[in-house]
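These notes are about the structure you will find just below.
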Amino acid sequence: MALKIFKFKNKTIEELKALSIAEFVELLPSRQRRSYTRGFSDEKKKLIKKLEKKNNVKTHLRDMIVLPIMVGKTVQIHNGKGFEAIVIQNEMIGHFLGEFALTRKKANHTSVGVTNKPKK
């Protein structure tokens, strides 16, 4: 049985890493392309430079697009209360970082009439 090779728009991860950011953005969906054409902010540019040097980076930039150079690195994404450590995988390319650090928890409801007060 052959091992399945990851491909994004018929390109392997090595081919994606060889592309410039402008060439890579042409492969993305329209929402991410629009975000890039407006230009990366200074904070996003700093994050890209940090990720080239380090493997573990903290960030508040939930609207940053996952780029091929981020694959295999750990990014700690702020969820409003703390940081969640996320290891970037191949399948995450093209998504926003905020999609992987949820800001809300599931509601934990109890039965009708049940209170959580301790008994005397």
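Values in this text are rule-based calculations from the coordinates and carry no lab data. Quick caveat, the model's predicted, so the values are computed rather than measured. All Cβ positions, even for glycine, are placed from backbone atoms using ideal geometry, and neighbour counts span all protein chains on display.
Things worth noting here:
- Under-5 Å amide H pairs with residue 89, H placed in peptide plane, nonlocal only: 72
- For the chain, adding -39500 (n - 2.57) for each run of n ≥ 4 DSSP H residues and dividing by the number of residues yields -7000 deg cm²/dmol at 222 nm.
- Per residue convex hull volume, Cα atoms of the chain, in Å³: 208
- When the pairs 4/105; 73/106; 45/73 are compared against a 25 Å limit on Cα-Cα distance, 4/105; 73/106 fall above it.
- Seen against the Cα atoms of the chain and their longest principal axis, helix 42-53 is set at about 80 degrees.
- Estimated dipole of the chain in Debye, rounded to 20 [Cβ of Lys and Arg +1, of Asp and Glu -1, Cα centre]: 720
- Whole-Hz couplings from phi, Karplus 6.51/-1.76/1.60, listed for the stretch 73-81; x for Gly and Pro: 9, 9, 10, 9, 9, 6, 10, x, 10
- Each label was represented as a point 7 Å from its Cα along the Cα-to-Cβ direction; for residue 60 and residue 108 these points are 2.9 nm apart.
- Taking all Cα pairs closer than 8 Å and separated by 6 or more residues, the relative contact order of the chain comes to 20 percent.
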